[in-house]
Amino acid sequence: MFSTTQIINSFVAGDLSREDTMERLHMSIYSQLLNALADRGIAPPKPPAHQVADEVASFLAILDKVEPPSDR
């Protein structure tokens, strides 16, 4: 049996996935996990760099359709 702190620390260290962490903590929505992290002064996890790059590229493609390209 692991304590809440041990489970959260394992998640932060990357040893547990979001889903496993939430299941072990009996959480049904991700915001509960984010709140548990915030309660302990832990910043929420950052998305992978490739995901951020893909989202930025998608946004810029949409922006180019709405507004002419400028010096970005």
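Every residue in the range 22-46 that is within 13 Å of the chain's Cα centre (by Cα) and of a type outside the set (A, V, I, L, M, F, W, C), please.
If the condition is that a residue be within 13 Å of the chain's Cα centre (by Cα) and of a type outside the set (A, V, I, L, M, F, W, C), then TYR30, SER31, GLN32, ASN35, PRO44, PRO45, LYS46 are the ones that fit.
In the set LEU60, LEU34, which member is loosely packed, with under 13 Cβ neighbours inside 10 Å and in a helix (DSSP H, G or I)?
After applying the criteria, what remains is LEU60.
Among the numbered criteria (1) part of a helix (DSSP H, G or I); (2) β-branched (Val, Ile, Thr); (3) touching a helix residue (DSSP H, G or I) at 6+ places or on another chain (Cβ under 9 Å), which one does ILE42 miss?
It is condition (1) that ILE42 fails.
Every read-out reported here was derived from the displayed coordinates using simple, explicitly stated rules and does not represent laboratory data. Predicted model only: the values in this text are computed from it and were never measured. Counting neighbours? That spans all protein chains shown, and the Cβs are built from the backbone with ideal geometry, glycine included.
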